[in-house]
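One structure is given here, and the rest of the page talks about it.
What follows draws every value from the coordinates through simple rules; no lab data is involved. These numbers come from a predicted model, not from an experiment. All Cβ positions, even for glycine, are placed from backbone atoms using ideal geometry, and neighbour counts span all protein chains on display.
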Amino acid sequence: MKLSQHNAFQIVSNINEIINRKMNIINTNGVIIASTDESRIGTFHAGAKMLIDQGLSELIINEEDSMLGTRPGINYPLTVDGETIGVVGLTGSDAETLSYAKIVKRMTELLVHELSIKEEQETEENIKNRYLDEWLSGDPSLITKAFIERGLALGIDIRIPRRFLAMAVYDPSDNVSLDRLRKLETAKRYLQQLSSYGSCHVSLSSSSLLIAGVPELEDSSVLHIAEDYRKLIANRYQIQVAVGIDSHSSHGGDGYFFAYLACKQAKKALSACLRTHRSNIRFYDDLNMELFTDELSDTVKREYIHKIFRGMGEEEIFHAVQILEIYYNTGGSINKSAEQLFIHKNTMQNRLKQIQAKTGHDPRSIRASSLFYNAIYFYRELGRDI
C-alpha cells in the first residue's frame, strides 16, 4: 500500500483539529509529504529513513539537527495490514507531546486504513461504471461470452431482463449557490445508492444524469419505483428528480444485446421532462413531438414560431400561446377554456377570431390546430427567448 500525499494531507489536517501539535507524515523514502509546517513538505527526514530501514519501533530525537532534516521529537512507523507504509512524527520534547505520540500513531493508522478502504470501493465502482458504459455504449458486437463472464466476476449479470430509467436531479428554484450545488451532488449520490440497491439493479452515473436498470416490470410497477425515488429525494433534500422510462415493447428475449436502445429511449423521455418540468416522470411511449424535436436547431424552431404567428409581436405571441394551449388542452371546448381563463365564452370566441385574423390560420380547424400545436411546443421549449 502506498500512502498518497493527498491522503496524508487530509490526515494531518483532521488530527491537527483534535490535537494541536506539530506533526509530520513521511513516506518510505524519508520524504515529508504532509506537515503542519508547510516549509518542511518535500524535505528529507534522515531519522524517518533510518527508522524504516532498520525496522525500529520508535525513534526519539533529542537535539536540533542531530540528523539531516530532523527536529527534536518522536517518530513512529505507520503499519497497516502488517505493512510499514511510512512514519508519523510529532515535533517537541515536552512530556505532553511524547504522551500524545502513540495516540497520534494509532489515529493515523486507523485513518489510513479507512481511506484505503474508501479508495478500494471507489476503484471497484469505477471498474463497474466502465463495464456498464461499455455495455450501454451501443455496440452489440462487444457483448461476447467473455464480456458476460467479466460482468459476472463484477457481480453484474447483464442477461437479467431489465427496464431502464434515466434520472436527473434539479432545483426548480434555479438556486446556484455553492451550498445548493453541494446538496444537488449529495442528492444525486443518494439517488445512485437507491437505484443500485438489489442484486438485479445496476446504475451508471455521468456528470449530468444517472442510468438505472431495474428488474423487468410492467409500466405501472416501474412508475411506482420512479415515484418512490422522486418522493425520497424530495422529502430528504427538497430537490426534484426527473425520470425518463424506456418502452416496454422494445424488450425481447435477448434484450441485453440492445440495452443501449432502451437507454436512448429513457434519455429522450428524460429530456422531455427537463424541457418544461410539467411532468417529472415520462414514458418513452408517451412521447410525440419529442421524438424528433431534438434534431431541430433552436433557430429553426424560432423561425417556425414566427412563421405561424406572423403578424404578431412577442407580447401578442405570448398571450396567444396561453389561450391556445388552454383551448387545445380542453379538447377545443369554448366553455371550458373560457372558465379556465375567467372570461365569457363570447370573449373566448373573439380571441380565437383575432388570432385567425392576425395569423391567417383558424385555430378551430383541424389543419391549423396541428400547426399551432407544433408552434406552442417549440415556444415552451425556448421559453420567451424567441
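Summary of values
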item	result
The range 60-171: translational diffusion in µm²/s, Stokes-Einstein, Kirkwood Rh over Cα pairs, 4 °C, 1.567 mPa s	69
Those lysines that a straight Cα-Cα span of less than 28 Å connects to K264, excepting residues fewer than 8 apart in one chain	K128, K145, K183, K188, K231, K301
Residue list for the range 157-175, given a label point 7 angstrom along the Cα-to-Cβ vector of S206 and an amide N cut-off under 15 Å	165-169
Cut-off under 5 Å, modelled amide H: who pairs with D37 long-range	M23
Derived scalar couplings ³J(HN,Hα) [the range 258-271; Karplus, 6.51 cos²θ - 1.76 cosθ + 1.60; whole Hz; x for Gly, Pro]	10, 4, 4, 5, 4, 5, 4, 5, 4, 5, 5, 5, 5, 4
Global form of the range 1-112, assessed from the alpha-carbon gyration tensor, a/c cut-off 1.5	rounded
Value of relative contact order over the range 166-262, rounded to a whole percent, pairs C-alpha under 8 Å and six or more apart	35
³J(HN,Hα), Karplus 6.51/-1.76/1.60, whole Hz, each residue of the range 18-26, x for Gly, Pro	8, 10, 7, 9, 5, 9, 10, 10, 10
Relative contact order, percent, the chain [alpha-carbon distance under 8 Å, six or more residues apart]	10
Rounded to whole Hz, the Karplus (6.51, -1.76, 1.60) HN-Hα couplings of the range 69-81, x for glycine and proline	x, 10, 9, x, x, 10, 10, 10, x, 9, 10, 10, 6
Helix axis angle, 366-382 relative to the chain longest principal axis, alpha carbon, degrees	20
Sequence-distant residues sharing a close amide H with I158 (under 5 Å, placed H)	none
All lysines inside 24 Å of K353 as judged from Cα atoms, apart from same-chain residues fewer than 8 positions distant	K307, K336, K345
Options [x] -0.50; [y] -0.40; [z] -0.67 - which one matches log10 I(q)/I(0) by the Debye sum over Cα atoms at q = 0.08 Å⁻¹ as calculated here	[z]
Three-way shape label, the range 158-249, alpha-carbon gyration tensor, a/c 1.5	prolate
Cross-link reach list, lysines versus K2, counting only Cα pairs under 21 Å and skipping chain neighbours closer than eight places	K49, K105, K118
Which of S195, I239, L56, positive extreme of dipole for the chain (C-beta unit charges)	I239
Residues listed by number, the range 1-36, amide nitrogen under 18 Å from L110 label point at 7 Å toward C-beta	8, 10-21
Given 11 as the ceiling on other Cβ atoms within 10 Å, longest exposed-site-free region of the chain for chymotrypsin sites (Phe, Trp or Tyr not before Pro) in DSSP loops	1-196
